[in-house]
Structures are given as structure tokens and as C-alpha cells.
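Undergrad: Below is a structure I'd like to ask you about.
The values are calculated or read from the model by the stated rules, or taken from the named source; none is laboratory data. Since this is a predicted model, take the numbers as computed values, not measurements. Please note: Cβ atoms are built from the backbone with ideal geometry, for glycine as well, and neighbour counts cover all protein chains shown. Side chains included, ligands, DNA and RNA excluded: accessible areas come from the protein's heavy atoms. Shrake-Rupley method; radii C 1.70, N 1.55, O 1.52, S 1.80 Å.
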Amino acid sequence: MVCALLFLVPALWALLLLGLWFFLRADGDLTLQWAKWRGRCPEQELTGSVVWVTGASSGIGEELAYQLSKLGASLVLSARRKHELERVKRQCLENGNVTEKDILILPLDLMDRSSHEAATKAVLQKFGRIDILVNNGGRSQRSLCMDASMDVFKELMEINYLGTVSLTKCVLPHMIERKKGKIVTVNSFTGIVSVPLSSGYCASKHALRGFLNCLRAELFEYPGIVVSNVCPGPVQSQIVKNALTEEVTKIVGNSGDQSYKMPTSHCVRLMLITMANDLKEVWIADQPFLLIAYLWQYMPTWAWWITNKFGKKRIENFKSGVDADSSYFKFWKKKHD
Ligand SMILES: NC(=O)c1ccc[n+]([C@@H]2O[C@H](COP(=O)([O-])OP(=O)(O)OC[C@H]3O[C@@H](n4cnc5c(N)ncnc54)[C@H](OP(=O)(O)O)[C@@H]3O)[C@@H](O)[C@H]2O)c1
């Protein structure tokens with residue numbers, strides 16, 4: 001008995017410490033960590049797929065185009081700025097395993113819902129199928145609820161929520177006919193947790209999560225159609241620079257310090273693992289963001305203690321002209337390979 005205890009107690013401590021070390025180093029939720037370790041590889045699963053990426057003119061969407069083009073996927077690149085899409089296409093042709101015929105540039109405004117049906121037809125005409133739709137295009141917000149005009153709330157809902165719902169509804173009949181396909185939506189941590197200065201943005205991302213969860217349940221007869229809700233924490237991109245402020249005509253205009261955010265390439269690699277493994281919801285972030293998401297999930301009342309602490313500082317930073325989060329997350333900077 002004593003011998004067994006002598007062996008068990010250190011073994012349990014070792015296990016606990018190992019778990020803690022693993023959790024502190026994690027860059028996503030547990031299902032994603034498992035898929036990274038034991039799951040299918042994007043190089044095998046996604047090569048040759050036809051992938052439609054919205055918001056492909058910058059940030060996460062642009063990096064998705066680069067990594068997918070290296071896998072030899074056929075690409076449809078959409079956003080409003082055609083010249084930026086042309087630039088992304090040139091880079092894909094230069095560095096990827098694709099040729100001219102593998103890339104379609106399709107300018108699209110998520111707010112112009114009447115154009116989505118015709119855009120879908122154009123993709124089908126070119127490639128004959130859509131294997132994956134990546135709903136990535138979106139805008140963020142940096143303004144207090146009481147200072148933001150109703151137009152800001154309306155625009156964020158139009159782009160992030162209704163635009164995504166509209167495009168998904170246009171593409172789904174085709175996937176239902178084929179009984180296969182993937183709808184991958186770039187949501188956000190703010191689709192799970194909420195932070196000050198982003199009430200319109202958080203609302204649009206929470207709405208997306210509700211929509212996607214209902215849609216997935218309604219598609220139970222089609223196990224070949226996968227609905228993935230991807231929730232990244234802070235990632236290096238143009239999202240803060242382009243964020244709406246008090247008025248739709250006024251954007252933040254600079255990205256601030258991005259050094260504490262996850263590199264775009266790392267986030268996108270984890271998104272490809274998500275797609276290859278048909279994961280239904282993933283959280284992509286380093287600590288302490290992951291810890292905050294777990295607290296919100298399992299201890300919502302206690303989570304408010306920490307949310308209020310960060311929230312107060314976030315508002316103070318914003319009012320003094322510093323990027324909302326940079327000053328207190330700097331010390332968590334993590335190296336990714
Ligand atoms: N970066 C982060 O920290 C972070 C974290 C969580 C979630 N996300 C989400 O990730 C997605 C991509 O954002 P990002 O970080 O890569 O930011 P980004 O660099 O600003 O890219 C946003 C993309 O969305 C497009 N877009 C904006 N308004 C549009 C509209 N009305 N119609 C069509 N496309 C539009 C932009 O292209 P045009 O201007 O050319 O139209 C651009 O390509 C967004 O949904 C965002 O909410 C980002």
C-alpha cells in the first residue's frame with residue numbers, strides 16, 4: 001500500500017505538470033490539438049479542391065490563398081478591391097503550385113446580397129463545383145456602444161452576419177445536390193466571449209455562431225456537408241486598421257502594435273488542419289486568450305472578474321490612443337515556427 005502510494009503520488013504530480021505545460025503552450029482548443037497531433041494532413045486532404053475564399057485581398061484570406069495555392073487547390077478569390085486580388089493572384093502564381101487556369105478573381109461586396117447568386121453561378125461555370133466555401137471577409141469595430149451610430153451596428157451586421165448567411169445560402173443548394181462540401185466560416189473569439197469597444201462586432205459574430213450551429217443541426221441528413229466555425233483570437237492582419245469607429249465613414253487607420261498577436265501564417269495553418277479534419281468548431285489562440293475562453297465556457301460568473309479587469313484597461317488604452325490590447329498582452333508573446 002505504502003509502496004503504491006509512493007509511486008502514485010509523484011506520477012500524478014508529473015501528469016498534472018505535463019498537462020499544465022501542454023495547456024500553457026497550446027495554440028488552440030483540445031480537438032484542434034488532437035487533430036494537429038493525430039489527424040489528417042492538409043497536404044493529402046485539400047490538394048486539388050476548389051476553394052472559394054472571401055476577404056482574400058488581405059490578412060487571413062490573403063494568407064489562405066498563398067497556403068492553399070501551395071497545396072495545388074483551385075482558388076476563387078473574392079473581396080471588393082480587385083487590384084489587391086490581382087496582386088494576391090500574382091503571388092500565388094509565382095510561389096504556389098497553380099497556373100492561370102486555377103485562379104478566378106471574383107470581386108464581391110458582402111453587403112451587396114443581390115449579387116451573390118450570380119457570383120455563385122460564375123464560380124460553378126468556371127470550375128463546375130465548389131468543394132469549400134471560406135466565409136472570411138469581415139470588418140471589426142473600435143468604439144463604445146454609446147458613441148457608435150446605428151449605421152455602424154447595421155454595417156457590421158450586413159457584412160459579418162447577413163453577407164455570410166447570404167453567400168452560404170447561395171452555395172448550399174449545390175453542396176446538397178452533391179451531398180458534400182465544406183462551409184468554413186471565420187468567426188472570432190468575440191463570437192464566444194465579449195469585449196468592450198466591439199459591441200456591434202461581437203453581436204455580429206455571436207449571431208454567426210448561432211446561425212452556424214442551427215444550420216449544422218438542420219443538415220443532419222447530409223453527413224458529407226461539414227459546417228466549421230473557426231474562432232481565432234488576435235491575429236496579425238489589417239483588421240484593426242480597417243475597423244469602424246463611431247461612424248461608418250471613419251476607420252481606425254493604423255494597426256497599432258501587432259507583435260503580441262498570432263502570426264497570420266500560423267493561424268492559417270491551423271485553419272487548414274481544421275478543414276482537413278472536418279472540425280465543427282475550433283478556437284485558435286495562444287494563452288492567455290485560450291484560458292479566458294475556457295473560463296467563459298465553464299465559469300461564466302468568475303470569468304467576469306478577469307473580463308472587467310482587461311476591459312477597463314482596454315477602454316483606458318483606447319482613450320489614450322494606444323491599441324486596445326497591446327500593452328498588457330505584450331509579455332505573453334510566443335514564438336511560432
Ligand atoms: N485578425 C484578427 O485578429 C481576427 C481575429 C478573429 C477573427 N477575425 C476575422 O477574420 C476575418 C478576416 O479578417 P482579417 O483579420 O484578415 O482582416 P483584414 O486584413 O482587414 O481582411 C478583411 C478582408 O475582408 C474584406 N472585406 C471587408 N469588407 C468587405 C465587404 N463589404 N465585402 C467583401 N469583402 C470585404 C477585405 O477586402 P476588401 O476591403 O478588398 O473588400 C479584406 O480582404 C474577418 O471575418 C475577421 O472578423 C480576425
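Undergrad: How large is the translational diffusion coefficient of the chain in µm² per second when you combine the Kirkwood radius over alpha carbon pairs with Stokes-Einstein at 37 °C and 0.692 mPa s?
TA: Values: Rh = 20.9 Å.
Reported coefficient: 157 µm²/s.
Undergrad: So how long is each side of region 1-144 along the principal axes, counting just the alpha-carbon atoms, biggest first, in Å?
TA: Reported extents, whole Å, longest axis first: 74, 45, 27.
Undergrad: Can you give the three extents of the C-alpha atoms in region 58-129 along their principal axes, from longest to shortest, in whole Å?
TA: Its Cα atoms span 35, 27, 17 Å along the three principal axes.
Undergrad: Counting only protein heavy atoms and using a 1.4 Å probe, what share of the accessible area of the chain belongs to carbon plus sulfur, as a whole percent? Before the final figure, lay out each step's value.
TA: Working: 10010 of 16600 Å².
Carbon and sulfur together cover 60 percent of it.
Undergrad: Now, a different point. Starting from one equal scatterer on each C-alpha and no solvent at all, send me the Debye-based log10 I(q)/I(0) for region 148-255 at q = 0.12, 0.16 Å⁻¹, two decimals.
TA: -0.47, -0.76
Undergrad: So, with +1 on the Cβ of K and R and -1 on the Cβ of D and E, and no other charges, what is the size of the charge dipole of the chain about its Cα centre, to the nearest 20 debye? Let's see the in-between values first.
TA: On the way: 41 positive and 32 negative charges, 62 e Å.
Dipole of the chain, to the nearest 20 debye: 300 debye.
Undergrad: I would also like to ask the following. Over the chain, with the other protein chains present, what is the accessible area per residue in square angstrom, probe 1.4 angstrom? Before the final figure, lay out the partial values.
TA: Working: 16600 Å² over 337 residues.
That works out to 49 Å² per residue.
Undergrad: Would you be so kind as to identify which of THR307, ASN277, LEU290 lies farthest towards the positive end of the dipole of region 275-318, taking Lys and Arg as +1 and Asp and Glu as -1 on Cβ and the Cα centre as origin?
TA: THR307
Undergrad: 222 nm [θ] for the chain, helices only, -39500 (n - 2.57) per DSSP H run of 4+, per residue, to 500? Spell out each step's value before the answer.
TA: Working: 13 runs with 165 residues, N = 337.
-15500 deg cm²/dmol, from helical runs alone.
Undergrad: So what is the relative contact order for region 52-105, in percent, with contacts set as C-alpha pairs under 8 Å and at least six apart? Walk me through the numbers before you get to the answer.
TA: On the way: 91 pairs, mean separation 21.3, N = 54.
Relative contact order for region 52-105 comes out at 39 percent.
Undergrad: Here's a follow-up. For the pair LYS280 and THR47, what calculated FRET efficiency results from E = 1/(1 + (r/R0)^6), where r is the Cβ-Cβ distance and R0 = 25 Å, to the nearest 0.05? It would help to have the intermediate numbers written out before the result.
TA: On the way: r = 23 Å, r/R0 = 0.91.
Here the calculated transfer efficiency is 0.65.
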